[in-house]
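The structure appears right after this line, and notes come after that.
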């Protein structure tokens, strides 16, 4: 008989019986999607992987610890046959045929009545890819197509026209430490859908070049302040554009809530009645040290890490940091925005008991092509910053973890 392509269809399995035969790796991969579909799942298998067993312990599936028996598929709507016993697979497949149960076989797709497509999800859309040529069926090829489509939907490079009215508002998006690949999937998608982007200097600037021509990009540092404070002017710009019915993205470096004034902007938008979404970002406090080969914690070296702002010196009356207490900690200290104050910070830590030999690393332009790492100690860091011409933005790591990283990563 001539081979015909499979007919694609979406099964609605909520509350309906699904039988899975075999508790190995195939079941481990397929069960989460069946659970998410709301299926009433019976697993029949003498044994199971730890992950599958955990699903049974959590009550997500019912597990009967035995081999397949005739009649197991009588009340099923859908069956997944994935045992290591070819004879049991053949008998179960024949039963599925008798009862007209859609049946997937992991050992012999050609003898199955259904195939599992390579699937992915993005914002309410399910992408399912099936090959049309049974003889040339290659699961790696279908998975690659699935990945390409889903990634395009997620990062905004594959944008379908919206046939609905978008709700105007603001998204506070954490852009990550600088590398454009380190923004979250949701953040990148919102960027692709924006009408206006108000960007910080420390945001991932390379992403702005990918925006469509109609998107208005505003440099937050160049917003006219006039009689307003800088932050107040930015808040007003966000409110103004959103109230014009536009989708606005406030693109910030790192995470909006880690020294990013994200809460101030959210409060202003809330008071103005403007809907706002907050999209967390990867903080430079952990990602930049990691990119430079430094773990902020390490077994037997540091059991805690503390992140502080160094934008005001320890002896400044505006400082809210308890520097004497920090000097007594044995873990890692990460200082953001502290390049020009690091001399006084080091002096304060040493004066309060920190060893002058404590290692220090300064990572400038972390995660970008211009990244460089400069090492020192608390005793030498002030002169090292001057001699090596270290400039902001830079993340400063203080502690024994500085010596843990591989030299090749520096």
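The values are calculated or read from the model by the stated rules, or taken from the named source; none is laboratory data. The structure displayed is predicted, hence computed values, not measured ones. FYI the Cβ positions are ideal-geometry reconstructions off the backbone, even for glycines, and counts take in every protein chain you see.
Residues that are in a helix (DSSP H, G or I) and touching a strand residue (DSSP E or B) at 6+ places or on another chain (Cβ under 6 Å) were ranked within the stretch 200-236; the one that is surrounded by the fewest Cβ atoms within 10 Å (Cβ to Cβ) is 208.
If I ask for residues that are out of contact with any strand residue (DSSP E or B) (no Cβ under 6 Å at 6 or more places or on another chain), within 22 Å of residue 283 (Cβ to Cβ) and surrounded by 14 or more Cβ atoms within 10 Å (Cβ to Cβ), which ones from the stretch 310-325 would you list? Hits for the stretch 310-325 are 311, 312, 319, 323. Is it the case that residue 371 is under 26 Å from residue 205 (Cα atoms) and over 26 Å from the mean Cα position of the chain (by Cα)? No.
Taken over the stretch 150-188, the criterion of being modelled with pLDDT of 70 or more, more than 16 Å from residue 208 (Cα to Cα) and out of contact with any strand residue (DSSP E or B) (no Cβ under 7 Å at 6 or more places or on another chain) is satisfied by 151, 152, 158.
The residue list 346, 376, 361 contains one member that is surrounded by 21 or more Cβ atoms within 10 Å (Cβ to Cβ), touching a residue at least 24 places away in the same chain (Cβ under 8 Å), assigned to a strand (DSSP E or B) and more than 25 Å from the chain's Cα centre (by Cα), which is 361. Taken as a whole, the condition of being more than 25 Å from residue 120 (Cβ to Cβ) and at pLDDT 95 or above does not apply to residue 3.
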